[in-house]
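Presented below is the structure to which this report refers.
No lab work stands behind these numbers, since they all come straight from the coordinates. Just so we're clear, the structure is a prediction, and the values are computed from it rather than from any experiment. Positions of Cβ are generated from backbone atoms using ideal geometry, with glycine treated the same way; all protein chains shown enter the neighbour counts.
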Amino acid sequence: MKNKFIYLIFSLFFFVNTNAQCAMCRAVLESGEDQSAAEGINDGIMFLMAVPYILVATLGYIVYRKFNKPDKSKNLS
């Protein structure tokens, strides 16, 4: 328990502020006059971000259904 607390404090105090864009994306977005490229990159980022969440949610639902099946032997009278 003590190790977890120390790790939590260490993580909170030494959290590094990061940017989510790569160098190439930043260069394209800063140099472009029109916003269509920026909108396209943002749509791509949203798509790439959504796919893992959908997969994990599907897997969680399958596991939930597997462990919460009604037991047929208990329902027989």
*Label point distance in nm, Arg65-Tyr53, each placed 7 Å from Cα along Cα→Cβ*: 2.2
*asked:* Can you compute 3J(HN,Hα) from phi for each residue in segment 45-57, using the Karplus curve 6.51 cos²θ - 1.76 cosθ + 1.60 with θ = phi - 60°, rounded to whole Hz and x for Gly and Pro?
replied: 5, 5, 5, 5, 6, 6, 4, x, 5, 5, 5, 5, 5
